[in-house]
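Beneath this line is the structure, given in structure tokens, with notes to follow.
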Number of protein chains: 2
Amino acid sequence: MVPHIETPPVGTHLRWDDIAAEPIADGIARQMVVGQRLMVCRFRFQPHVETAVHSHPHEQITFVEKGRVRFVIGDQTRIASAGDVLCFPPGVVHGATILDEEAVLVDVFTPLREEFLKK
Amino acid sequence: MVPHIETPPVGTHLRWDDIAAEPIADGIARQMVVGQRLMVCRFRFQPHVETAVHSHPHEQITFVEKGRVRFVIGDQTRIASAGDVLCFPPGVVHGATILDEEAVLVDVFTPLREEFLKK
């Protein structure tokens with residue numbers, strides 16, 4: 001299976017349960033829904049996974065669907081859990097550390113993270 | 001309470017449970033998270049509510065969080081339920097009819113739906 005990376009035709013109707021989850025690093029799997037200038041990535045993280053602090057010119061809004069996550073955002077640290085929403089303006093350095101249970105995060109980006117679309 | 005409509009500062013960390021739900025029509029309440037070019041609107045619909053078929057130049061991706069919804073998208077009809085994701089390219093006419101239980105939809109837009117920000 002390959003992730004869904006085509007620009008969606010009119011009426012595109014997907015289910016998370018049917019979208020391939022691509023392992024992208026130890027303990028991290030990613031599902032994608034890709035529009036024209038909107039991209040949604042749903043990540044499943046094993047406990048204690050840490051993502052490198054990074055930044056990108058894309059704006060990001062993240063929903064915590066499951067689990068607890070310690071985010072570094074600029075010079076701040078935030079502990080987030082299910083039902084939380086975090087805003088990452090373009091260019092702000094950020095990183096995430098998954099706490100003691102599996103976590104699911106839904107990241108929305110604009111524009112597309114083109115580097116995620118390369119095979 | 002007023003909806004959250006300011007451009008979020010770095011480290012903005014919200015909880016859906018704390019974001020004001022604004023009644024915008026009979027049986028429809030809307031919460032908003034507003035970024036620079038990303039906007040998230042979470043709608044709670046009473047059963048059987050129908051939204052007018054409409055279109056907008058903004059791209060939209062919708063997550064069904066709860067309930068069952070019949071969408072019209074262009075010339076197609078789709079029945080969607082929790083866990084579904086639908087893509088609405090810019091300019092495509094669409095509308096929703098809530099079926100027999102309360103529904104919660106999360107709509108992501110780019111750019112901002114400026115008309116939603118007017119008092």
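Values quoted throughout were computed directly from the atomic coordinates according to the rules given, and no laboratory measurement underlies them. In this text the structure is predicted, and so the values were computed from the model without any measurement. Cβ atoms come from the backbone with ideal geometry, glycine included; neighbour counts cover every protein chain shown.
Points to keep in mind about this one:
- Here each label is just a point 7 Å from Cα along the line to Cβ, and for A:A29 and B:D26 those points are 4.6 nm apart.
- Per-residue Karplus couplings for the range B:74-90, computed as 6.51 cos²θ - 1.76 cosθ + 1.60 with θ equal to phi - 60°, are listed in order as x, 9, 10, 10, 9, 9, 10, 9, 3, x, 8, 10, 10, 10, 10, x, x Hz, Gly and Pro entered as x.
- Evaluating kT/(6 pi eta Rh) at 10 °C and 1.306 mPa s, with the Kirkwood radius of the range A:21-116 over Cα pairs in the Stokes-Einstein relation, gives 119 µm² s⁻¹.
- Integer Hz, Karplus 6.51/-1.76/1.60 couplings in order for the range A:36-52, x for Gly and Pro: 7, 10, 10, 10, 10, 10, 10, 10, 10, 10, 6, x, 6, 5, 10, 9, 4
- Evaluating 6.51 cos²θ - 1.76 cosθ + 1.60 at θ = phi - 60° for every residue in the range B:16-29, the Karplus couplings come out as 3, 4, 9, 8, 4, 9, 9, x, 10, 6, 4, x, 9, 10 Hz, glycine and proline recorded as x.
- In plain terms, the residue of A:H58, B:H56 with the fewest other Cβ atoms within 10 Å comes first and the most crowded comes last, giving B:H56, A:H58.
- Ascending list, in nanometres, of distances separating the B:Q76 label from those of the other copies (7 Å, Cα toward Cβ): 3.9
- Rounded to the nearest 20, the size of the Cβ-charge dipole of chain A about its Cα centre is 160 debye, with Lys and Arg at +1 and Asp and Glu at -1.
- Here the translational diffusion coefficient of the protein assembly as shown follows from Stokes-Einstein with Rh set to the Kirkwood radius across Cα pairs; for 25 °C and 0.890 mPa s it amounts to 135 µm²/s.
- DSSP-loop GluC sites (Glu not before Pro) across the range B:3-73, with at most 12 other Cβ within 10 angstrom: B:E6
- Taken about its Cα centre, the protein assembly as shown carries a charge dipole of about 260 debye when Lys and Arg each add +1 at the Cβ and Asp and Glu each add -1 at the Cβ.
- Across the options A:F71, A:T51, A:V34, the greatest Cα extent toward the positive end of the charge dipole of the range A:21-116 (unit charges at beta carbon of Lys, Arg, Asp, Glu) belongs to A:V34.
- FRET efficiency for B:F116 and B:R70, using Cβ-Cβ distance with R0 set to 25 Å, rounded to 0.05: 0.60
- Projecting the Cα atoms of A:G95, A:T12, A:L105 onto the charge dipole of the range A:3-119, computed from C-beta unit charges around the Cα centre, puts A:T12 farthest toward the positive end.
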